[in-house]
Amino acid sequence: MIKKLVTIITKLIFPKTCLICNQIITDGNFCAKDWNELHFLQKPACNICFQPFEFKIDDEMVCGKCLQKRPEYFKAVAVLGYNENSKIIITRFKYYDQINLAKYFAELMFKEMQEILPDIDFIAPIPLHKLRIIKRKYNQAALLAKNITIFSNKKLILDLLVRTKNNQPQAKLSQKMRRRNVAGIFKTKEKYLTEVRGKNVLLIDDVITTGATAESCAQELKRAGVNKVYVLTLAKTIANRHD
Ligand SMILES: [Zn+2]
Ligand SMILES: [Zn+2]
(Lines give C-alpha, C1' and ligand atoms only; values in the text may rest on other atoms or scores of the structure.)
(Ligands and ions follow the chains in the order given, each with its own letter.)
Protein backbone atom coordinates (compact mmCIF):
# COMPACT_ATOMS: atom_id res chain seq x y z
CA MET A 1 0.00 0.00 0.00
CA ILE A 2 2.71 2.48 1.05
CA LYS A 3 4.86 1.38 -1.87
CA LYS A 4 1.96 2.03 -4.25
CA LEU A 5 1.38 5.45 -2.71
CA VAL A 6 5.06 6.33 -3.07
CA THR A 7 4.89 5.33 -6.75
CA ILE A 8 1.82 7.51 -7.30
CA ILE A 9 3.39 10.50 -5.54
CA THR A 10 6.69 10.05 -7.41
CA LYS A 11 4.76 9.98 -10.67
CA LEU A 12 2.99 13.19 -9.73
CA ILE A 13 6.20 14.98 -8.79
CA PHE A 14 8.34 13.50 -11.57
CA PRO A 15 5.95 12.64 -14.38
CA LYS A 16 7.31 10.48 -17.20
CA THR A 17 7.99 12.47 -20.32
CA CYS A 18 8.48 11.46 -23.94
CA LEU A 19 12.20 11.16 -24.76
CA ILE A 20 11.62 13.06 -27.98
CA CYS A 21 9.02 15.80 -27.41
CA ASN A 22 9.03 15.97 -23.56
CA GLN A 23 5.24 15.67 -23.44
CA ILE A 24 3.96 13.96 -20.28
CA ILE A 25 3.17 10.28 -20.89
CA THR A 26 1.69 7.56 -18.73
CA ASP A 27 3.76 4.61 -19.85
CA GLY A 28 6.92 3.66 -21.71
CA ASN A 29 9.47 6.18 -22.96
CA PHE A 30 7.72 7.81 -25.90
CA CYS A 31 4.40 9.38 -26.83
CA ALA A 32 2.42 7.35 -29.36
CA LYS A 33 3.24 9.68 -32.23
CA ASP A 34 7.00 9.63 -31.66
CA TRP A 35 7.04 5.89 -31.02
CA ASN A 36 5.38 5.37 -34.40
CA GLU A 37 7.94 7.57 -36.07
CA LEU A 38 10.88 5.55 -34.75
CA HIS A 39 12.16 3.30 -37.50
CA PHE A 40 12.70 -0.14 -35.95
CA LEU A 41 14.84 -2.14 -38.33
CA GLN A 42 13.79 -5.64 -39.23
CA LYS A 43 14.45 -8.38 -41.68
CA PRO A 44 14.61 -8.84 -44.61
CA ALA A 45 18.00 -7.15 -44.49
CA CYS A 46 21.53 -7.67 -45.75
CA ASN A 47 23.06 -10.57 -43.89
CA ILE A 48 26.29 -8.61 -43.41
CA CYS A 49 25.52 -4.89 -42.96
CA PHE A 50 21.77 -5.06 -42.06
CA GLN A 51 20.72 -2.70 -44.87
CA PRO A 52 16.97 -3.40 -45.18
CA PHE A 53 15.53 -5.02 -48.29
CA GLU A 54 12.02 -4.61 -49.59
CA PHE A 55 11.53 -8.27 -50.41
CA LYS A 56 12.83 -11.47 -48.95
CA ILE A 57 14.47 -13.90 -51.35
CA ASP A 58 16.37 -16.08 -48.91
CA ASP A 59 18.04 -15.85 -45.48
CA GLU A 60 21.53 -15.39 -46.85
CA MET A 61 20.83 -12.22 -48.83
CA VAL A 62 23.73 -9.77 -49.14
CA CYS A 63 23.40 -6.20 -50.49
CA GLY A 64 25.22 -4.94 -53.56
CA LYS A 65 27.64 -2.83 -51.54
CA CYS A 66 28.76 -5.78 -49.39
CA LEU A 67 28.99 -8.01 -52.46
CA GLN A 68 31.24 -5.46 -54.12
CA LYS A 69 33.53 -5.14 -51.11
CA ARG A 70 32.99 -7.50 -48.21
CA PRO A 71 33.29 -5.58 -44.93
CA GLU A 72 36.05 -6.44 -42.46
CA TYR A 73 33.42 -7.25 -39.87
CA PHE A 74 31.46 -10.49 -40.13
CA LYS A 75 28.04 -9.07 -39.39
CA ALA A 76 26.50 -5.82 -38.11
CA VAL A 77 23.08 -5.42 -36.51
CA ALA A 78 21.22 -2.32 -35.32
CA VAL A 79 17.96 -1.49 -33.59
CA LEU A 80 16.88 1.73 -35.30
CA GLY A 81 17.21 3.39 -38.65
CA TYR A 82 18.82 6.79 -38.15
CA ASN A 83 16.12 9.45 -38.65
CA GLU A 84 14.97 12.68 -37.00
CA ASN A 85 13.62 10.88 -33.94
CA SER A 86 16.58 8.59 -33.33
CA LYS A 87 18.85 11.60 -33.86
CA ILE A 88 17.12 13.42 -30.99
CA ILE A 89 17.42 10.54 -28.53
CA ILE A 90 21.04 9.83 -29.47
CA THR A 91 21.96 13.49 -29.05
CA ARG A 92 20.30 13.45 -25.64
CA PHE A 93 22.28 10.38 -24.79
CA LYS A 94 25.54 11.76 -26.11
CA TYR A 95 25.62 15.24 -24.69
CA TYR A 96 23.64 15.05 -21.46
CA ASP A 97 24.11 12.80 -18.47
CA GLN A 98 21.69 10.10 -19.47
CA ILE A 99 22.93 7.04 -17.60
CA ASN A 100 19.35 5.76 -17.49
CA LEU A 101 19.07 5.91 -21.24
CA ALA A 102 22.04 3.56 -21.53
CA LYS A 103 20.12 0.90 -19.66
CA TYR A 104 17.05 1.27 -21.84
CA PHE A 105 19.01 1.30 -25.10
CA ALA A 106 21.08 -1.69 -23.98
CA GLU A 107 17.86 -3.62 -23.43
CA LEU A 108 16.72 -2.88 -26.97
CA MET A 109 20.14 -3.77 -28.35
CA PHE A 110 20.31 -6.98 -26.37
CA LYS A 111 17.02 -8.12 -27.92
CA GLU A 112 18.47 -7.44 -31.35
CA MET A 113 21.57 -9.58 -30.74
CA GLN A 114 19.79 -12.83 -29.81
CA GLU A 115 20.73 -14.52 -33.07
CA ILE A 116 24.44 -13.77 -32.77
CA LEU A 117 24.67 -14.16 -28.97
CA PRO A 118 25.87 -17.81 -28.91
CA ASP A 119 28.76 -16.93 -31.22
CA ILE A 120 30.12 -14.07 -29.08
CA ASP A 121 33.08 -14.49 -26.70
CA PHE A 122 33.87 -10.89 -25.79
CA ILE A 123 32.12 -7.52 -25.83
CA ALA A 124 34.10 -4.32 -26.40
CA PRO A 125 33.14 -0.69 -27.11
CA ILE A 126 34.45 1.28 -30.04
CA PRO A 127 36.85 3.62 -28.24
CA LEU A 128 36.48 7.36 -28.01
CA HIS A 129 39.60 9.47 -27.70
CA LYS A 130 40.42 10.71 -24.18
CA LEU A 131 40.00 14.37 -25.15
CA ARG A 132 36.48 13.71 -26.35
CA ILE A 133 35.61 11.75 -23.21
CA ILE A 134 36.49 14.79 -21.11
CA LYS A 135 34.26 16.98 -23.27
CA ARG A 136 31.32 14.60 -23.17
CA LYS A 137 31.94 13.14 -19.70
CA TYR A 138 31.09 9.61 -20.89
CA ASN A 139 32.02 7.34 -23.69
CA GLN A 140 28.50 6.39 -24.75
CA ALA A 141 29.73 3.22 -26.47
CA ALA A 142 31.36 2.05 -23.23
CA LEU A 143 28.22 2.85 -21.29
CA LEU A 144 26.13 0.78 -23.70
CA ALA A 145 28.65 -2.07 -23.70
CA LYS A 146 28.63 -2.21 -19.88
CA ASN A 147 24.85 -2.46 -19.79
CA ILE A 148 24.64 -5.02 -22.59
CA THR A 149 27.19 -7.14 -20.76
CA ILE A 150 24.91 -7.25 -17.71
CA PHE A 151 22.14 -8.76 -19.84
CA SER A 152 24.32 -11.04 -21.93
CA ASN A 153 26.67 -12.54 -19.34
CA LYS A 154 29.59 -12.27 -21.75
CA LYS A 155 33.00 -10.94 -20.83
CA LEU A 156 33.45 -7.20 -21.28
CA ILE A 157 36.84 -5.75 -22.22
CA LEU A 158 36.41 -1.99 -21.99
CA ASP A 159 39.89 -1.16 -23.28
CA LEU A 160 40.41 -3.91 -25.85
CA LEU A 161 40.93 -1.28 -28.53
CA VAL A 162 42.61 2.08 -28.06
CA ARG A 163 42.62 5.07 -30.35
CA THR A 164 46.18 6.01 -31.16
CA LYS A 165 45.27 9.35 -32.73
CA ASN A 166 42.72 12.00 -31.85
CA ASN A 167 41.38 12.13 -35.39
CA GLN A 168 38.82 14.64 -36.70
CA PRO A 169 35.17 13.86 -35.91
CA GLN A 170 33.69 11.80 -38.77
CA ALA A 171 30.42 13.73 -39.04
CA LYS A 172 31.47 16.39 -41.55
CA LEU A 173 33.58 14.17 -43.80
CA SER A 174 32.75 12.44 -47.07
CA GLN A 175 32.68 8.64 -47.17
CA LYS A 176 36.13 8.45 -48.72
CA MET A 177 37.59 10.91 -46.22
CA ARG A 178 35.98 9.02 -43.33
CA ARG A 179 37.76 5.86 -44.34
CA ARG A 180 41.07 7.69 -44.55
CA ASN A 181 40.43 9.50 -41.27
CA VAL A 182 40.11 6.28 -39.26
CA ALA A 183 42.50 4.02 -41.18
CA GLY A 184 45.05 2.44 -38.88
CA ILE A 185 44.16 4.57 -35.85
CA PHE A 186 43.03 1.70 -33.60
CA LYS A 187 45.33 -0.61 -31.73
CA THR A 188 44.54 -3.79 -29.80
CA LYS A 189 45.96 -3.64 -26.27
CA GLU A 190 48.85 -5.99 -26.07
CA LYS A 191 47.83 -7.54 -22.76
CA TYR A 192 44.67 -9.01 -24.37
CA LEU A 193 46.29 -10.49 -27.47
CA THR A 194 46.51 -14.06 -26.15
CA GLU A 195 43.02 -13.94 -24.67
CA VAL A 196 41.22 -12.82 -27.83
CA ARG A 197 43.19 -14.82 -30.38
CA GLY A 198 40.84 -17.07 -32.36
CA LYS A 199 37.82 -15.72 -30.47
CA ASN A 200 34.79 -13.70 -31.60
CA VAL A 201 34.33 -10.11 -30.51
CA LEU A 202 31.19 -7.98 -30.49
CA LEU A 203 31.90 -4.26 -30.95
CA ILE A 204 29.41 -1.77 -29.54
CA ASP A 205 28.70 1.78 -30.67
CA ASP A 206 25.75 4.16 -30.65
CA VAL A 207 25.53 4.80 -34.40
CA ILE A 208 26.98 3.24 -37.51
CA THR A 209 27.02 5.64 -40.46
CA THR A 210 29.26 4.62 -43.35
CA GLY A 211 30.78 1.84 -41.24
CA ALA A 212 34.29 3.23 -41.72
CA THR A 213 35.07 3.28 -37.99
CA ALA A 214 33.68 -0.22 -37.43
CA GLU A 215 35.67 -1.44 -40.43
CA SER A 216 38.89 0.06 -39.13
CA CYS A 217 38.33 -1.53 -35.68
CA ALA A 218 37.48 -4.89 -37.23
CA GLN A 219 40.53 -4.78 -39.45
CA GLU A 220 42.76 -4.15 -36.44
CA LEU A 221 41.15 -6.91 -34.35
CA LYS A 222 41.57 -9.40 -37.17
CA ARG A 223 45.17 -8.35 -37.59
CA ALA A 224 45.53 -9.12 -33.87
CA GLY A 225 44.19 -12.63 -34.45
CA VAL A 226 40.49 -12.27 -33.59
CA ASN A 227 38.36 -14.76 -35.52
CA LYS A 228 35.08 -12.94 -36.19
CA VAL A 229 34.09 -9.35 -35.42
CA TYR A 230 30.42 -8.51 -34.95
CA VAL A 231 29.04 -4.99 -34.62
CA LEU A 232 25.97 -3.95 -32.65
CA THR A 233 24.70 -0.37 -32.67
CA LEU A 234 21.60 1.40 -31.48
CA ALA A 235 21.08 3.15 -34.81
CA LYS A 236 22.22 2.76 -38.37
CA THR A 237 22.16 5.16 -41.29
CA ILE A 238 20.13 3.54 -44.03
CA ALA A 239 21.79 3.96 -47.39
CA ASN A 240 19.68 5.21 -50.25
CA ARG A 241 18.85 2.20 -52.42
CA HIS A 242 20.35 3.94 -55.44
CA ASP A 243 23.68 4.75 -53.76
ZN1 LIG B 1 6.75 12.59 -28.06
ZN1 LIG C 1 25.26 -5.16 -46.90
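Residues whose amide H comes within less than 5 Å of that of F53, counting only those at least five positions distant or on another chain, are A45, C46 (H built at 1.01 Å from N in the peptide plane). Amide H contacts for L156 (H built 1.01 Å from N in the peptide plane; partners 5 or more residues away or on another chain; cut-off under 5 Å): I123.
Helix 2-13 and the long axis of the chain differ in direction by around 80°, with both axes built from C-alpha atoms. Among D34, D159, D58, the residue with the largest mean-square fluctuation in a Gaussian network model of the chain, with springs joining Cα atoms closer than 10 Å, is D58. For the residues A142, A171, A124, a GNM of the chain with alpha-carbon springs under 10 Å puts the largest fluctuation on A171. Pairs K165/K199; K56/K228; K87/K191; K43/K187: which are spaced more than 28 Å apart, C-alpha to C-alpha? Correct reply: K87/K191; K43/K187. Residue by residue, the range 212-221 carries 3J(HN,Hα) couplings of 4, 5, 4, 5, 5, 5, 5, 4, 5, 5 Hz when phi is fed to the Karplus relation 6.51 cos²θ - 1.76 cosθ + 1.60 (θ = phi - 60°); x denotes Gly or Pro. Near the amide H of V231, within less than 5 Å, lie the amide hydrogens of K75, A76, V77, L203, all on another chain or at least 5 residues away, with H placed in the peptide plane.
Taking θ as phi - 60° and the Karplus parameters 6.51, -1.76 and 1.60, the scalar couplings of the range 45-53 work out to 8, 4, 5, 9, 9, 6, 5, x, 10 Hz in sequence order, x denoting glycine and proline.
Exposed loop sites here mean GluC sites (Glu not before Pro) with a DSSP loop assignment and at most 16 other beta-carbon atoms within 10 Å; the chain contains its longest site-free run at 116-243. Each Lys or Arg adds one and each Asp or Glu takes one away; over the other residues whose Cβ falls under 13 Å from the Cβ of K199, this sums to +2.
Picking from N167, N85, N200, which is most flexible by a Gaussian network model of the chain using Cα springs under 10 Å? Evaluated over the chain, the most mobile residue of the options is N167. A Stokes-Einstein calculation at 25 °C with viscosity 0.890 mPa s, built on the Kirkwood radius of the chain over Cα pairs, returns a diffusion coefficient of 129 µm²/s. Compared with the dominant principal axis of the Cα atoms in the chain, helix 140-152 is inclined by about 80°. Separation of the range 145-199 and the range 39-103, taken as the distance between their Cα centroids, equals 18 angstrom.
Accessible area per residue for the range 109-240, computed on protein heavy atoms with a 1.4 Å probe, is 49 Å². Element breakdown for the range 101-227 at a 1.4 angstrom probe: carbon and sulfur atoms account for 52% of the accessible area.
The values are calculated or read from the model by the stated rules, or taken from the named source; none is laboratory data. Please read these numbers as outputs of a predicted model, since none were measured by experiment. Counting neighbours? That spans all protein chains shown, and the Cβs are built from the backbone with ideal geometry, glycine included. Each accessible area value is taken on the protein alone, full model and side chains, heavy atoms only, with ligands, DNA and RNA left out. Shrake-Rupley method; radii C 1.70, N 1.55, O 1.52, S 1.80 Å.
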